[in-house]
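All remarks here apply to the structure that follows.
Since every read-out is calculated from the coordinates, none of them should be taken as a lab result. Quantities reported herein were computed from a predicted structural model and do not represent experimental measurements. Quick reminder, even Gly has a Cβ in these numbers, built from the backbone with ideal geometry, and neighbours come from all protein chains shown.
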Amino acid sequence: MAPMPNLFKLLLSPAGRIGRRDYVIGLVGLVVIFILYGLLLNALGGSMAGFFAVLAFPFVILQIAYSVYGKRLHDIGRTLWPLTGLICLLLLAMIVVMLVYGGADYFSAYAEYTRDNPPSPEVVERLNAEFKPRQEKGEPVLKFIISGLLIGFSLWLALAKPQAGANAYGEPPSR
């Protein structure tokens, strides 16, 4: 049986290559950290520590994602560009779904107001009440798209055949 990987290196260093087993361990670690970080953010709430934790959250998750997915991409002889493309697709999906499900109309409704002429609290409440149901209808669509992209990408890397022998990213991992 192969030894357990160094979790610190596995989750924080994008250098080198990892095999399928270590990739799956890394994915589990990514999910666990994502969940624990979310629980931490909920516990900290609106405190100053919560503010800084929210600021750090995307950087921590991106570092771990680039480390785990990146090493697996390296193992199949690819650069990190497919992962960067996936992240761009996820952001694009969020923007498109938001705009389709009332976001464009919401922004348009606010366009008539300026800093010098802000909307009254009653107008803000009315607009939020009007657009919230439309935006909530987009949440399941967005969850489906994001889940599909993440699961598809993760499965592709889990099932992809590793490149035999050494490549530009190092020696093959011990399997």
message = If the only charges are +1 at each Lys and Arg Cβ and -1 at each Asp and Glu Cβ, what is the size of the charge dipole of the range 62-175 around the Cα centre, to the nearest 20 debye?
response = 700
note = Straight-line reach check, Lys161, cutoff 24 Å on alpha carbons, 8 or more apart in-chain or any other chain, hits among lysines -> Lys9, Lys71
task = Would you kindly state how much longer the chain becomes between Val31 and Glu125 on full extension, computed as 0.36 nm times their sequence separation minus their alpha carbon distance, in nm to one decimal?
result = 30.2 nm
request  = Quick one: order Val97, Val31, Val68, Val24 by neighbouring beta-carbon count within 10 Å, fewest to most.
outcome  = Val31, Val24, Val97, Val68
FRET efficiency, Val24 to Ile61 (Cβ-Cβ, R0 22 Å, nearest 0.05) = 0.75
message = For a quick check: sort Met48, Met98 by the number of other beta carbons within 10 angstrom, fewest at the front.
response = Met48, Met98
22 Å tail of the calculated P(r), the chain, as % of Cα pairs = 59
Order of Ser13, Ser108 under a 10 Å beta carbon neighbour criterion, fewest first = Ser108, Ser13
task = Just name one of Leu142, Tyr113, Gly85: the one whose Cα is farthest towards the positive end of the charge dipole of the range 51-175 (beta-carbon charges, Lys/Arg +1, Asp/Glu -1).
result = Gly85
task = Would you grab the residues whose amide H sits under 5 Å from the one on Gly170? Only those 5+ places off in sequence or on another chain, please, with H modelled 1.01 Å from N.
result = none
